[in-house]
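Here it is, the structure in full.
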Amino acid sequence: MDALTNPNAANSTPLTPIQFLERAAVVYDNSPSIVYNNLTYTWRDTFIRCLRLASSISRLAIGKRDVVSVLAPNIPATYELHYAITMTGAIINTINTRLDPRTISILLRHGESKLVFVDYQLTNLIQEAVSLMPNDCAPPQLVLIIDDARQSLPSDQFINTYEAMVVTGDPGFNWVRPDTEWDPLTLSYTSGTTSSPKGVVHSHRGIFLGSVVGLVEWFVPKQPVMLWTLPMFHANGWGYIWGMAAVGGTNVCLRKFDTSIIYNSIHNNHVTHMCCAPVVLKMLSEGKPLQRRVNLMTGGAPPPAAVLLRTESLGFDVTHAYGMSETCGPSVFCAWKSEWNRLPATDKARLKARQGIKTIVMTDVDVVDPESGVSVTRDGLTQGEIVFKGGNVMMGYLKDPEATEKCIKNGWFYTGDVGVMYPDGYLEIKDRSKDVIISGGENISSVEVESVLYLHPSVNEVAVVGRPDKFWGESPCAFVSLKDDKVKPTADEIMKFCKGKLPGYMVPKSVVFKDELPKTSTAKIKKNVLREIAKSMELVVKGRL
């Protein structure tokens, strides 16, 4: 019976997403893999380029478990490096291009990065970051990514150019397979809004599972056309960098974009799929109707129903998902039921705003009392902390066992997010635990208040935080940026708009107008900054700061 219970060499090869590219080079050899401006590569091209680059990286004494960083926008090199770096056995670390030099310096030191590939537009950023590293810390080697082969290296700090490493590499390089599927593959740092961002480590197995499930849950067909409006440094493009190779998709790269660039690219490249954060979803909602429908996935904060309705009316089929760096990106999808198609548009938008149900690789998802760990009542009302367990949960935080043990306990990963579970098993996020406002003993979801405020025709962006209140403890304070309308509402009019749509205790007691709300490097509104502003407000504010 041993043959039936023990694994063997034929059935226990470690899972790794690198094999997706190897297969794509055969199945989709002459199909487009990457489109960037006037440049087009095939899957065969991409496989050979990655092998060459991996060969050149290995010659720099980079090997297993070494960290190699990438500081670049959504360009072909960023896509290729996800494979080339990991083909050497090294760990890829994509860095948020919007971070400041000090934070980047902290990440490079913490991850002990040995090599950094840097886009030519970010040379000053990386040079300042390296200069801030302590003398006892060996600085990483730098390689420059350029669009123009005539451009020279800006300083002696750069040892080579990206394309030179591709050209001189060995196309027959024997890429390094993982010893086990638990070997680390990626290092991704959380948003970086504090002085000590946490380094999320994922294995080959976790990334493999996360990438495959993203295709299944989103019903991605073979050879889709993916427009990269989601930064590739965000949880490695939510796993779709590897997923697109698995299905032979076309990756349309954009160095930068605005509403017109996105719409033009959708039209010119016959885009079928795209992912984006809620801030981009809102940008798209202000565009013009599409000639053909596009599948769009959004994640993060629940999108306001008004934004969902507008976006879908333009031709986008919106899927809402929920996840985080610690779970390889989306891990809960709003799986759509056919009977919901018969509902009114407003009801459908409300259902789509729910985060949904666990994926097929998630063993379980629950909402529990954070103290006792007991599941809350599945009534869509009782709030608790969202917890996960499954194959795409991170291995842990790099060099931070205390933080790892704090969030992974009792066999669950504790997200820190507050949600409710409906009787049908669907999950809905209500807030980050730190963003819940407790007023007079009542828990107020800032997200719920924000969703109502977004219905106001003059509201551009809004964030609701708790403001100290001598009587209630806390009361809701709304920070609002307005559209460029000629007639602008007053604070009293904003509050009056909320009455009748929300219980009295949830209506903002103060409204602060700002030209623009402060944001993190990942375009998330800095509620911590707004909370500090709210704390300094001794009186109810109904004006502009």
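Quick note: the coordinates plus some simple rules give every number you see, no bench work behind them. None of these values were measured; they are calculated from a predicted model. With ideal geometry, Cβ positions are generated from the backbone for all residues, glycine too; neighbour counts draw on all protein chains shown.
For every other residue with a beta carbon closer than 12 angstrom to the beta carbon of P231, add +1 if it is Lys or Arg and -1 if Asp or Glu, then tell me the sum.
+3
Still on this structure, please answer the following. Relative to the present Cα-Cα distance, how much length would full extension add between K389 and T180 at 0.36 nm per residue of separation? Numbers along the way, then the final one.
Values: separation 209, 0.36 × 209 = 75.24 nm, distance 2.10 nm.
Contour length minus Cα-Cα distance gives 73.1 nm.
Sort the chain into rounded, prolate or oblate with this rule: let a ≥ b ≥ c be the square roots of the eigenvalues of the Cα gyration tensor; rounded if a/c is under 1.5, and if a/c is not under 1.5, prolate when a/b is larger than b/c, oblate otherwise.
Because a/c hits 1.5 or more and a/b exceeds b/c, the chain counts as prolate.
Right, another one. Between N38 and E532, what FRET efficiency follows from the Cβ-Cβ distance if R0 is 56 Å, with the result rounded to 0.05?
Details: r = 48 Å, r/R0 = 0.85.
E between N38 and E532, to the nearest 0.05, is 0.70.
Another one. Tell me the relative contact order for segment 383-436 as a rounded percent, counting alpha carbon contacts under 8 Å between residues six or more apart.
Values: 63 pairs, mean separation 20.6, N = 54.
It comes to 38 percent, rounded to a whole number.
Post the alpha-carbon centroid distance, segment 85-115 to segment 355-383, in whole angstrom.
Each part reduced to its Cα centre gives a spacing of 34 Å.
Given points 7 Å out from each Cα along the Cα-Cβ axis, report the D347 to S31 separation in nanometres with one decimal.
Going from the D347 label point to the S31 one covers 3.9 nm.
A further question on this structure: Highest mean first, how do 413-419, 219-225 rank when packing is the count of other Cβ atoms within 10 Å averaged over residues? Could the numbers behind the result be given before it?
On the way: 413-419: 20.0, 219-225: 15.7.
Output ranking for 413-419, 219-225: 413-419, 219-225.
Between helix 101-111 and the chain, what is the angle of the helix's C-alpha long axis to the longest principal axis, kept within 0 to 90° and rounded to the nearest 10?
It is inclined by approximately 60 degrees.
Helix 259-269 versus the longest principal axis of the chain: what angle, 0 to 90°, nearest 10, using Cα atoms?
50
Defining a contact as two alpha carbons under 8 Å apart and six or more residues distant in sequence, what relative contact order in percent does the chain show? Don't skip to the answer; put the middle values down first.
Details: 1108 pairs, mean separation 57.2, N = 545.
Taking the mean separation of contacting Cα pairs over the length of the chain, I get 10 percent.
Could you list the residues of segment 256-288 with an amide nitrogen less than 20 Å from a label point located 7 Å from the Cα of F219 in the Cα-to-C-beta direction?
271-276
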